[in-house]
Every structure is written in C-alpha cells, then in structure tokens.
Amino acid sequence: MMFNKLKIHQQNLRKSLIATQQLLSNLENTNTDIIIMQEPYTRNSNKILGFPSNSHMYQTDENSIPKTGIFVNNLNLYCKKIEKFTNAWMTTIQIQLFKSLLVICNVYIEPNTISSHHIEFLRDLLKTYENVPLILTGDFNARHTLWNDRIINKHGECIYDLIIEFDLFLHNNKNATCLTINGTSIIDLTLSNHRATPHVKNWTTKINHQTIFDHALIGFEYGPDEKIPQRMYNTTRRFNEKKADWTKFKEYFDLETINNITRNIEHAQTTNTIDYNILRLTEIIQKAALHSIPIIKRSNYHKKSQWWDNELKCMQIVVQNKRYLFTKERDPRDRQCRYDEYKLSRNIFINTMRKKKLQKWKEFIEEIDTNNTWGNTHKQIKQKLNPKTYTLPILDDFPPSDHRKIIENIVNSMFPTHHNLLDRQLHQNTSPEQEYNISKEYIESLISKSSSKKAPGSDNITNAMLKPDKQDYHDYHNYRPISLLPNIGKLLEKILQFEIQNFLMTNNKINPQQHGFTRSKSTITALQAIKTKILTEKRQKLTSLIAIDFTGAFDNADWSIIIDNMHQLQLPQHLIQMMHSYFQHRTITMKHNTNEYSKVMTKGCPQGSPLSPLLWNILINKLLDTFNTSNASIYAYADDLTVICSATKLDDLHMALTNSMHFINSFSHSHNLKINFTKTKILNFHKKTFNHPVIIDSNIIEIVDKMKILGVTFENHHIKSKLNFGTHIKNVMNKAMKIKNVIFNYCKNTFGIDNKKRRNLFKGMIRPILTYGSEIWSDQINKKQKNSLESIQHQLLKNSVMGFKTVSKMCVQSLTKTVSLNTHINIKKMKFFHKCNIQRIDTDDINKYIQDYKKTKITEILSQTNENFKSFFVNNFIPNFIHTNFYTTQFLTGHGPFGEYFHKLRIIDNPSCTCDNSSMQNPSHLLLNCPHYSSIKRELNLHHIMDLPSFIVNKENFKRFKKLCKYIHDHLRSIEASNRQSHYQNDHTR
C-alpha cells in the first residue's frame, strides 16, 4: 500500500495540557501524518502526556524531562527513532520511503542557552545524513534578518552559520511564528538539505489570536518522487461478528445446493472432486458472510478521545476568548482582573477535563454492566506485562523494494525443500482395514468445541460462522510463525487426530514415557516421573540430568518417516492414506503488506495445527521405544527430552551421559533431525567434577548449576533426599510481584473492577503462576518460602476486598471464600496423586470430597477472625451475595476510620464517639446506636434493625447496608478533615 505525500504539522505547546488538547482537536479531521512538538506537556515527568495511550510517540529515553517529541498519527508509516540523535532537546526519526529514507529532526533550544554542544550535535547530524533527505525543524529561539526578523541574537548567528555551512534551504516566509504581548518574532524554523528541499511544499503558518497558543501552527507537506509505503496489517479476521445478522446469514444457504455438495463428496472418486466441492462450500459461506456481517474497518489514524465532548469544546472557546482579552488589555488594573478571570476559567476547564477523562477511564476499566472478569482490566494488565509489537525488524529496517526478496529468503530458510519417499510408502499396505464412519453429530460436536477466538485461515471463515523474550529479531531463527489454517480444514485435522490418537492409546502404541499431548498425561506427570527418578537414584548413586533441545523440531519433522512409523505402529490403512493425502500439495504463504510468497511444503508440522503434536509423537516414539542405554532413563513431553543417568562411579556416569547423547544424536541423524547443542545442558545432582567434558560431534555439552524443565527450575540440594527449588520459588515470586504491581495500578480501593472480578482475576491469573508444579516442589521447600508465597496471596486478596493494610489473613480469606495457598496446594496434590494412583483417597466422588474439605477449611478460617467480624456472621457462614467494597469491608473487619481502631493504633487518645463521651466509636455503635445516623437509616429502611447480622440477612438489606456504610464513612472522614483544619488554624494563630 502506497501514498504520495506526508502531511506534517509543527507546534510549540508551552507545556500546556489545554494546548495539547486544542492541537489534537484542531487536527482531528485533517489526517495529519506527523505532529512535531516543542515544549510538550509532561507534568515534570519523563513522559510526554496528553496523547492517546497507544500513541506512536517518539521522545528521549533518558531519565529527563523531554523538551521535544514527534507524534506519528499515521499508524501505518514505517518509522524508527534514531537513538544517536535523540535527547532531551532533540528528537530524530527516520521514515522509510520505497527505496530510501526521510530523516526528520525536531529541536528545541531554550532562550539564551545555545552552546557549542548544540552546534556540534547539529553539525554531526547534518554530516551523517548529507546524502539522505533531511528536514530540520523546531523552536530554535533564533532571530535573524535572514528570515525577516527585526533583530539578530546569538542563537540566530549560530543557526545562520549552520545554514551557510551546509547549504540548507529556509522555508519560512515573512509571517511571524511567535506572538506575545511584547511583539512578534520568527523563532520557529523549517530547514531542509538539498535532498529534501524540492519535495517540501505548501509551507504555511497560522496564528489565531483567540487561541491558547503563543506560537503559530506550522504546516507543510513532503511529496517525494517515489511512493511512500504504508504498513498493512494483514489479518485473516475480516468480519465483525459482534454485529452479525445470523438470521440473514442462514438465509443465504440453499438446502438443495448443500445437499448436492454433500452427495458429490460422498460419491467422490478423486481428491480433486472433494477439493472442488469444498471450495464451493467455502464460497457459499463467504458470500453469506459478505451479505450479513459487516467488514471490520481499520483506520490509519488515531481515533479522537471519547471523553472530549461539546461541553469541553464550549469551555475551551470561553478560555481562549478570556485569554485573548487578557493579552490585549493595556491598563494594568484591568489587565489583572482579566487575568484573574482567565485563570479561574482555565482552572475550571482543566479540572473538568480531568474529571471527564477520569470518569471515562473508570467506565472503561470497571465495566459495571458486565460480569466478565477477563474484560478491559485484564487486557490492560496483559498489555502492560507483555506489550504487543506489530513490527518486523527483519523486514521493517529495510527498504520496501527489498521486501519481496527478504520474504522469499525467510520462507525458504524456515521451510527448506526436502525430498521424501511418500509415494513409495503409500503402497506398503501392512496395516489392517477398519470400518470408518464419521457422523454429522460428531462433526457438529467438533464445531461446538472449537474456539471462536482463534484466528481464521486465508478463507476468513471463523468458527463462529460454522457455529453460528528480547532477542535479535533480524535473525529468522528467532521467529516462531503460527500457521493460520482454514477452520474447515481444521475440522478434518481434528477428526484425524481423534481417530489416530484413539487407535494408539487403545492399543498401547505410544511409549508410556511420552507425556506430551497424551491422554491422562501432562507436564506435571512428566515432572513427577523426573523428580521421582532423581530422588530414587540420588540417594545411592551419582546422578545427572540431560535436557536435549532439537533445532526447529516441528518444522523439520520428516513426512516419509512419519508415514513409515505409522505403518510400523500398524495404524489402519485408511488413516495412513488420509495422512498421505494430507501431506500432498501443502503450501505455506507469507504475507507482508502487498508482498506475498508461497512455497510447496515438503516437511514439517505447522504450529497451530491440531495434528502437529500427535505427528511429532509418532515420529519420536521410536526413540523412546528403542532407547536402551545402560544406567539411563528417558522422558519426553512432545519435543522436550530429558535423560537421567546414574552410576556409583564418576567414570561410569560420564559414560552413561556420553552413550545416551550418542544414541539420541544417531537417531536424530537417521530421522533428519538436528540437536541444538548450544541449548542442550547437563545438570549434576552431586558435587563431583568430571575428569573431561561430554563431547558429541565436537560439541561440548555445557554443565549448569540450575535448569528449567517444563517450566520448573531444578537445582541440586546438599541433602541427598531433597531437591532445591529455591530459584524456581524466587522466579515465581518476582513474576507474581510484577503482575501484582500492575494490578494495583488498575485496581485501587475506590477505583477499578469490583470485588468478585478481582478475586476471579487472582484465582485465574496469578494463583496458577504461584502454584504451577506445586505437586512436585511443595514438599521440597522450607517454611520461609511457603510464607513468602502466602504473603503475595494475602496482598492480592486484601486488594480484592479493598481492605486496610492491617486487615488479617483470616478476614480476607473469609470474605473471598479462598483457602490459604498452602491448603490450595495440598488440594492440588491430593487430586493429582489420586488421579495418578500414587496415593488414592478412599472415596467414590473425589470432587465432593474436595468440596467438603474446602468448606471445612473455610469454616476453620472464619472461626479465627476477630470479634467484630464474627458479630456479623454468627452462624459461621457467609452468604454468596456478600461481595464487599471499600466501605463495607471497613465495617465488617473493624479496620476503618473508627475511634476504637485509631485508638488501638495510638493515632488518637479518645476512642469515644462524637455523639457522647461514653460510647466507644466502633462499627457496632455507629450502625446500631449512634443518633447521628438515625435519619439515613430511616431513609434506607434500616431503622428497625437491632443487631448486626440483620444487615446481611438478605440481598436487599445488604444493598442498603452498602449505602449506609458509605454515608457513615464519608461523614467520619469529613469530621476528621474538619478537625485537621481546626488544628492547623490554631497552630497557625499561635
């Protein structure tokens, strides 16, 4: 996708939020591509503020206040910051043209501060890019008669010398660029070198006297001889299914045509007939979608802020007019009055703007109209933790004219041509025939189980229609492409996957040490087998572990070997024939903008296919079956291989390690696989050192002191009966703390999603991280590590009930109905050991047993809460409708702005209520007996309540109770604020 010119605007914002919003408002419908700004609004931080949160904003990364910035409003431009020439006073970016670059440099030099440092920096920039189109623009605070200013200052002399030295073209005309009460000046300049000058057009300035700006809005266009490329987001998700008319969609399906296609497929004699009819069906679905589902529209430019409304526009006009009247007033007394009026209206405008912005943000984050935990808050947290990038440095850092060739090289490198023996193997009919029947109901069940969130293939058909780490990204090895497969094709893959898997499992064809993508197996079963073996051997022998990594395992799976292995596993012939057909004429297509390259695949299992893990298991199964190295055991989870070796003597252990590696390396060579020796490591569970390294094909296998296996980090422990998981716990803690800090930014006590969503967020997002693999490591860690994990849970649950820092674990766990982390881990272990027959529980219904166990634990927790809490829940039972907020939590726990609580903390001397001097100010008194709140209780129809449990006896009472708590809380806080003000005034008087 190409276009002919760039529309660029430049503005000095005078560090003003109002100016920033006015600029965005003025340029709202102009489709400006680039906004160059000086003195942006930062609020004295190191970030430019006031622009959309997902803005393509380029500024300095230094820990200093940026004085310049470049906002790229056109999301599809190929832009990149030039780090060498970006600092607090200068921002430089490059824009990729079709065959060359355009460099734009934005400068702000404060008045009377220009130095040799500035000049040398600019001189270096101009020399570096003398043969590239370069635009140098900004507020130089430079005045000179060369650009029609009245006077010459030091800044002007220095910039004049640069213009002469580098033969720069000055685009300014006689119009002033800065207007103040002291007069006009021309200090905002636009310069270009000889490469850029012919292409800079329509340079204009615009000063509106009734605006907030002192500086003119400068605008110009850049129209190169070559086209300007734009990034296209090639997505297969074409239709907006949220706005689909499914009734109309169904009307486009003619039953007779569908039946005809079905009959043609059922009686097909060749694969071409099947392909033709599937294509017809695909076209029918696509046509129906085009007529009933709107196409997703994607704008090239940032959308305007939703909180900017007509009220703010009117207020903005008022502020501008008052400022204009103030600047034009000459009488000092009237001028001060005008200024006071302007300042008052400006402050009201800013406060209103902030309130509206905050209110819209709260509505966006809280989503009070939905119970979905995984809405906007969850998305914001995920984006903060793992920022999405839509750039491909391997392509974007090169001219678009080279993209087609680069794409071809990427595809050929990732998917090299491989000559296999598929045709010969098709005739090796060594497998029995079986009756094979796929019912309509079975197909419908597969469709219903398919996720609608998965990206569709090149046909744009989604399942909903069928349902009604930082690395060198210039290296293709560091990319893991996910294949976007047609969903109709995925149905066939799921059928094949189920039938093949069912045959292999029923007939015990898969080696029991394969734990990946196998029924009743998981990463945890693999880790349990590895842990058990290590501990068994470690007690009596020297033990070591090898973790083997294959280079591009799935991408290099040999189809002919897979078919050969299927014959050896005696799979039914029709399944082998279908797989043979499945491998034929498969193409891989890579698209980037308008470029695409396709290639016929000859090997590999596409990542994203339901079949790929199973095909890999068939390929690697022979290794597991034939592995017979002495003193060694092998375990697999898909392509993750682990070998545990043990021996009484160090030399025998070394031999076992070497022989194991030779065996696996030999298998890899014969099966066209390649071991990645740089990622293959050895972990010793002993303190001895080998006399010489383990060497395979001239590659030394590195020995490490810790190793991550299937997400759990193992280390040696000095006690022979234990393993060390200290690093794993530390990593888990760091990860959880990082997530916790992000969550706390979006979930405050009086701001953010409600209690129920916060609790679900913890249970679904953080607790799985804290407890992953706990079945393996929980009996190997110490009490301090367990307490650290419990502490993180407590902090997050305390946030979910919006309680004070001093609220106890028992109160928090009771309100959230969440057992301690240690109890949760024990439950996970019980279920796992019971399922794996390691330690069976004497029960017919394990789920009911676990539920009863949880209830018992929660009852125990409730019995340990404070007396204030128990006074509400006298029956040791918390109803399901109890979802607390910031106010109710304070009254339920007794930790709030109450005299009794503050007295315990020694914040105040007198714990009595203000209604009299004899009653202790606590939740019980305030809710039941305090006369200050009789009227509000009568309004809420709570005046008849005589005890605390009655406030929460039913859902309606609890709703009123929430309102009462908020009213009392706000009243107590207002009294507190009033007392502080009185003390301050008394101290000030003294």
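The values are calculated or read from the model by the stated rules, or taken from the named source; none is laboratory data. Model, not experiment: these values are computed from the prediction. When we count neighbours, we look across all protein chains shown, and the Cβ atoms used for this are built from the backbone with ideal geometry, even at glycine.
List of remarks:
- Residue in the range 86-108 that is assigned to a helix (DSSP H, G or I), closer than 23 Å to E39 by Cβ and out of contact with any Leu (no Cβ under 8 Å at 6 or more places or on another chain) present: no
- Note on the range 589-621: residues that are more than 30 Å from the chain's Cα centre (by Cα), assigned to a helix (DSSP H, G or I) and surrounded by fewer than 22 Cβ atoms within 10 Å (Cβ to Cβ) total 1.
- Picking from residues in the range 634-684 that are in contact with a His (Cβ under 8 Å, 6 or more places away or on another chain) and aromatic (F, W, Y), the one that is farthest from D555 (Cα to Cα) is Y635.
- Condition check for Y342: farther than 30 Å from T236 by Cα and of a type in the set (F, W, Y): yes
- N665 being closer than 30 Å to H969 by Cα and within 40 Å of the chain's Cα centre (by Cα): no
- The residues of the range 668-691 that are under 26 Å from N724 (Cα atoms) and more than 39 Å from the chain's Cα centre (by Cα), listed by number, are H686, K687, K688, T689, F690, N691.
- Scanning the range 177-194 for residues that are surrounded by fewer than 19 Cβ atoms within 10 Å (Cβ to Cβ) and outside any strand (DSSP E or B) yields a total of 3.
- Identification of helices (runs of 4 or more DSSP H) wholly contained in the range 476-568 with 3 or more residues that are assigned by TED's automatic domain parsing to the domain that holds R586 and not small (G, A, S) yields 487-506, 559-568.
- Here I936, I945 are screened, and the one residue that is on the phi < 0 side of the Ramachandran plot and outside any helix (DSSP H, G or I) is I945.
- Any hit, the range 640-653, residues being buried (at least 18 other Cβ atoms within 10 Å of the Cβ) and in a helix (DSSP H, G or I): yes
- Every residue from the range 321-372 that is loosely packed, with under 14 Cβ neighbours inside 10 Å and of a type in the set (A, V, I, L, M): L344, I348, L358, I368
- When K687 is tested against the conditions (1) part of a helix (DSSP H, G or I); (2) surrounded by fewer than 16 Cβ atoms within 10 Å (Cβ to Cβ); (3) of a type in the set (K, R), the lone failure is (1).
- Of all residue pairs spaced 6 or more apart or on separate chains, those with beta-carbon atoms under 6 Å, a first member in the range 73-97 that is within 30 Å of T113 (Cα to Cα) and a second member that is buried (at least 20 other Cβ atoms within 10 Å of the Cβ) and of a type in the set (D, E, K, R) are A88/K67; W89/K67.
- Top-ranked residue of the range 306-320 - restricted to ones that are over 28 Å from G752 (Cβ atoms) and among the aliphatic types (A, V, I, L, M), ranked as surrounded by the fewest Cβ atoms within 10 Å (Cβ to Cβ): I317
- Condition check for I34: surrounded by 20 or more Cβ atoms within 10 Å (Cβ to Cβ) and either over 21 Å from A176 (Cα atoms) or among the polar types (S, T, N, Q) (or both): yes
- Looking across I766, I753, I776, I729, one residue alone is β-branched (V, I, T), under 29 Å from K962 (Cβ atoms) and in a helix (DSSP H, G or I). It is I766.
- The range 152-176, residues that are of a type outside the set (K, R) and part of a loop (DSSP other than H, G, I, E, B): I152, N153, D167, L168, H171, N172, N173, N175, A176
- Taking the criterion of being over 30 Å from F326 (Cβ atoms) and charged (D, E, K, R), the residues of the range 142-194 that qualify are K154, E157, D161, E165, D167.
- Condition met for V132 (in contact with a Leu (Cβ under 6 Å, 6 or more places away or on another chain), at pLDDT 95 or above and over 22 Å from K47 (Cα atoms)): no
- Residues of the range 113-133 that are basic (K, R) and touching an Asp or Glu at 6+ places or on another chain (Cβ under 9 Å): R123 alone.
- Residue ID - surrounded by the fewest Cβ atoms within 10 Å (Cβ to Cβ), chosen from residues in the range 37-68 that are hydrophobic (A, V, I, L, M, F, W, C) and not in a loop (DSSP other than H, G, I, E, B): M57
- Per the listing N31, N63, the residue uniquely under 23 Å from P133 (Cβ atoms) and modelled with pLDDT under 90 is N31.
- The range 669-684 - residue that is among the hydrophobic types (A, V, I, L, M, F, W, C) and part of a loop (DSSP other than H, G, I, E, B) and, of those, surrounded by the most Cβ atoms within 10 Å (Cβ to Cβ): L673
- Counted residues, the range 810-863 - those being in contact with a Leu (Cβ under 6 Å, 6 or more places away or on another chain) and among the small types (G, A, S): 1
- Those residues of the range 367-399 which are of a type in the set (F, W, Y) and either over 20 Å from M590 (Cβ atoms) or in contact with a strand residue (DSSP E or B) (Cβ under 9 Å, 6 or more places away or on another chain) (or both), in sequence order: W374, F398
- Close pairs (9 angstrom Cβ cut-off, 6 or more residues apart or separate chains): within 19 Å of L623 (Cα to Cα) in the range 506-527, buried (at least 19 other Cβ atoms within 10 Å of the Cβ) and of a type in the set (D, E) anywhere: G516/D639
- Among (1) closer than 22 Å to N749 by Cα; (2) assigned to a helix (DSSP H, G or I) - the single one T818 does not satisfy: (2)
- Residue match in the range 170-183 (condition: hydroxyl-bearing (S, T, Y), within 25 Å of L77 (Cα to Cα) and either at pLDDT below 95 or out of contact with any helix residue (DSSP H, G or I) (no Cβ under 6 Å at 6 or more places or on another chain) (or both)): no
- Each residue in the range 694-710 was checked for being assigned to a loop (DSSP other than H, G, I, E, B) and either buried (at least 16 other Cβ atoms within 10 Å of the Cβ) or modelled with pLDDT under 95 (or both), and 5 of them qualify.
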